[in-house]
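What follows is calculated from the coordinates using simple rules that are stated; it is not laboratory data. Remember, predicted model here, so these are calculated numbers, not experimental data. Neighbour counts run over all protein chains shown; Cβ positions are idealised from the backbone, glycine included.
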Amino acid sequence: MATLKTYVRNLWGAEKTIYSKLSGGVQDLRTAPYPVRLIVITFNVIISLLIKALTDKAILTDAELNAAVTTATGATYPVQPEVIPPEDEDRGTHPVDPDVGV
């Protein structure tokens, strides 16, 4: 069975790939602002704790997890807008939720 550190590193690798696709290849998660990197790493640890518990109890296998990660990293994602249009109360418009295309 994989270690917690292995799961965190695997998630980080998947996130770097997806982050690059979402930015149109112009952003690298490794050079994201400090608070962004801390949030991502924190979530990776928490998610990895859950994955570790599921794999240790044989509810999820490493093969199933790896297949899901491969599917997610191989998917095509629409480039996200750098600036979200603000809410306009007069027109009744609201910022749109992100479209990740998956």
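Quick notes on this structure:
- Number of positions in the stretch 7-21 that are of a type in the set (S, T, N, Q) and more than 13 Å from I47 (Cα to Cα): 2
- Test result for T55, loosely packed, with under 12 Cβ neighbours inside 10 Å, part of a helix (DSSP H, G or I) and either β-branched (V, I, T) or in contact with a strand residue (DSSP E or B) (Cβ under 9 Å, 6 or more places away or on another chain) (or both): no
- For beta carbons closer than 9 Å, sequence separation of 6+ or different chains, a first residue in the stretch 1-21 that is more than 17 Å from A72 (Cβ to Cβ) and touching a residue at least 60 places away in the same chain (Cβ under 8 Å) and a second that is among the polar types (S, T, N, Q) and surrounded by 14 or more Cβ atoms within 10 Å (Cβ to Cβ), the qualifying pairs are M1/T55; A2/N10; A2/T55.
- Any hit, the stretch 62-85, residues being farther than 22 Å from L22 by Cβ, β-branched (V, I, T), out of contact with any His (no Cβ under 9 Å at 6 or more places or on another chain) and loosely packed, with under 11 Cβ neighbours inside 10 Å: no
- Residue that is nearest to L65 (Cα to Cα), among those in the stretch 1-27 that are small (G, A, S) and outside any loop (DSSP other than H, G, I, E, B): A14
- Filter result (out of contact with any helix residue (DSSP H, G or I) (no Cβ under 7 Å at 6 or more places or on another chain) and under 20 Å from W12 (Cβ atoms)) within the stretch 64-99: E64, N66, A67, A68, T70, T71, G74, A75
- Candidates R37, R30: the one that is part of a helix (DSSP H, G or I), in contact with a Leu (Cβ under 8 Å, 6 or more places away or on another chain) and not aromatic (F, W, Y) is R37.
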